[in-house]
Amino acid sequence: MTARKIFKVIAIFIAVIIALILLLVAFVWGSVEWNQYSSKKEAIRMQKEVCDTIKTVDGKFTIYLDGFNKKELQKIHFYLQQDKVLTKDTVVSAEPDNKDLQTIIMPFENFNINDKIIVYVGKRFYVLSGFSYTAGYNYGMFGPVGSCECRGGGYEKINEKESGSGTLIKKYGLLDYQLPPK
């Protein structure tokens, strides 16, 4: 064999190896893209067919408070308003830590998504309305892990305004709010 034929065989061998590597990379990339596309389609379907049809909130969820001092967090009143009447009320306290943002757990476990929750803390009222669920996945290192599920998305409105982050900020509380009758 001449040197020219040896280089030709080596070049063909290298080209075949590079083609196989490119084919493998394209296969992996296509698989990842297809999984993302399928996950998005499944989440959209789950949102329309399941999450948007849920009418009852089951389970406690977290509420965030910002700007309140330790004394104000000792008594936090929660009221559940169904239609135009208060049906439940309870008092909880938050254990303040050294952070500005405090977390408390909603004391009501079961209520309708159209009900309103009224929170009274630090001489201010917050009317939470429009609870919603969103479809989503738990994500691992290489993409979604498990099936799509509905998660409590939180309240869409606080004091009849878009909630943004969903945090109850002291300066945005209502000072002159009148509670509905019991």
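The values are calculated or read from the model by the stated rules, or taken from the named source; none is laboratory data. No experiment lies behind these values; they were computed from the predicted model shown. Cβ sites come from the backbone with ideal geometry, for glycine too, and all protein chains shown count toward neighbours. Accessible surface is based on the protein model in full, side chains and every heavy atom, while ligands, DNA and RNA are left aside. Shrake-Rupley method; radii C 1.70, N 1.55, O 1.52, S 1.80 Å.
Cβ-Cβ distances below 8 Å connect the following pairs, each with a first residue in segment 164-182 that is more than 21 Å from residue 71 (Cα to Cα) and modelled with pLDDT of 85 or more, a second residue that is hydroxyl-bearing (Ser, Thr, Tyr) and not in a helix (DSSP H, G or I), and a separation of six or more residues or different chains: 179/79. For segment 168-182, which residues satisfy the criterion of being among the aliphatic types (A, V, I, L, M) and open to solvent by less than 70 Å² (accessible area, probe 1.4 Å)? Result: 168, 169, 174, 179.
When the residues of segment 71-101 are filtered to those that are exposed (fewer than 11 other Cβ atoms within 10 Å of the Cβ) and basic (Lys, Arg), the one that is nearest to residue 177 (Cα to Cα) is 84.
Residues that are free of Cβ contacts under 8 Å to residues at least 60 places away in the same chain and of a type in the set (D, E, K, R) within segment 7-44 comprise 8, 33, 40, 41, listed in sequence order.
The condition (being open to solvent by 70 Å² or more (accessible area, probe 1.4 Å), over 11 Å from the mean Cα position of the chain (by Cα) and closer than 24 Å to residue 51 by Cβ) is satisfied by just one residue among 129, 165, 147: 147. Kindly provide the set of residues from segment 111-125 that are in contact with a strand residue (DSSP E or B) (Cβ under 6 Å, 6 or more places away or on another chain), within 16 Å of residue 68 (Cβ to Cβ) and open to solvent by 50 Å² or more (accessible area, probe 1.4 Å), ordered by number. Within segment 111-125, 120 is the sole residue that qualifies. Can we say residue 100 is of a type outside the set (Ser, Thr, Tyr), at pLDDT below 80, within 25 Å of residue 66 (Cα to Cα) and in contact with a strand residue (DSSP E or B) (Cβ under 8 Å, 6 or more places away or on another chain)? Against the criterion (of a type outside the set (Ser, Thr, Tyr), at pLDDT below 80, within 25 Å of residue 66 (Cα to Cα) and in contact with a strand residue (DSSP E or B) (Cβ under 8 Å, 6 or more places away or on another chain)), residue 100 qualifies.
For segment 14-27, the candidate set comprises residues that are β-branched (Val, Ile, Thr) and open to solvent by 80 Å² or more (accessible area, probe 1.4 Å); within that set, the residue that is farthest from residue 139 (Cα to Cα) is 14. For segment 150-162, taking the residues that are surrounded by 16 or more Cβ atoms within 10 Å (Cβ to Cβ) and touching a residue at least 24 places away in the same chain (Cβ under 8 Å), the one that is farthest from the chain's Cα centre (by Cα) is identified as 159.
Residue-level analysis places residue 85 outside the set of residues that are in contact with a strand residue (DSSP E or B) (Cβ under 9 Å, 6 or more places away or on another chain) and of a type outside the set (S, T, N, Q).
Of the set (1) open to solvent by 50 Å² or more (accessible area, probe 1.4 Å); (2) under 16 Å from residue 129 (Cα atoms); (3) in a loop (DSSP other than H, G, I, E, B), all apply to residue 52 but (3). No other residue among 46, 141 is open to solvent by 90 Å² or more (accessible area, probe 1.4 Å) and farther than 17 Å from residue 156 by Cα apart from 141.
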